[in-house]
Amino acid sequence: VLAKVRQTRQLGPGRPEREGATPALLRWRRRTAIAVAAGILVAGAGTATWAVQQQEVQRQRAVNESVQAVLVAPDAVVRSSAVEGGGRMTMVVSRSLDQGVVVLDATRPADDQAYQLWRVGDSIVDAGVLDPGQGTATRVITGVNSVDAVALTLEPAGGSAQPSKLPPLAGVPTV
C-alpha cells in the first residue's frame, strides 16, 4: 500500500474536481448562485422600504385624523397672532378634545435655524421643532387645557431645551 502512495498523483489545495463538471458548468453554477443571492437581497431591501413607507403613511393618516377632529369639533375656537419678522400663527383649539392645531405661515428662517413651539403655563414645555429652514407647518398640540398659550421662538437647528429668546416671536392663548 505504501508503495502505491508514492506513485499516486496528489491533488493540490482547493476543491476537488467534480466528475463530469466542465469549467463552463462550474461557472454557470457559481453565477446562478450569485444571481439568486442578489435577488434575495433586492427582495429584502424592497420589503424593508415598503414597511417604512407604510409606517409613515399610517403616522400621517393619524395626524390628519387628529387635525380633522379638532377642526370640526363643535367647541373649536380660532385664534391668531402675527409673527415678529413676518407671517402669521393661527391655532384652532378644542377644549373638549384637549388639542389644538397650529398653522404657521412665517418667514423662512436660515438653514441653521428652526422655529420651535412651546406650551406655556406654569412652566414652558417644548411642543415641537420644525425642520431647519422651514417657515410653514401644521402641527397638532395636545394638552392645551393645562396651558395658557402656545408660543413660537426661533432656535438653533434641532431646537432648545428652553426658549433662547423671550418674549416669543408669536403667542396664541389657549383659553
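The values are calculated or read from the model by the stated rules, or taken from the named source; none is laboratory data. Just so it is clear, the structure is predicted and the values come from calculations on it, not from any experiment. Methodologically, a virtual Cβ is constructed for each residue, glycine included, from the backbone with ideal geometry; neighbour enumeration extends over all protein chains shown. Accessible surface areas use protein heavy atoms only, side chains included; no ligands, DNA or RNA. Shrake-Rupley method; radii C 1.70, N 1.55, O 1.52, S 1.80 Å.
In table form, for the structure just shown:
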quantity	calculated
Protection proxy ranking, peptides 74-84, 143-153, 55-65, average beta carbon neighbours within 10 Å, highest first	143-153, 74-84, 55-65
With Cα atoms, 0 to 90° folded angle of helix 23-72 axis to the chain main axis	10 degrees
Cα-based Kirkwood hydrodynamic radius, region 126-175, one decimal, Å	11.9 Å
11 Å beta-carbon shell around residue 147, net charge (K/R +1, D/E -1)	-2
Mean accessible surface per residue for the chain, computed with a 1.4 Å probe while every protein chain stays in place, in Å²	66 Å²
Solvent-accessible area, 1.4 Å probe, carbon plus sulfur percent, for the chain	58 percent
Dmax and Rg, reported as Rg then Dmax, of the chain (C-alpha, Å)	31.9, 104
Inter-part distance where region 49-86 and region 103-175 are each reduced to a Cα centre, Å	15 Å
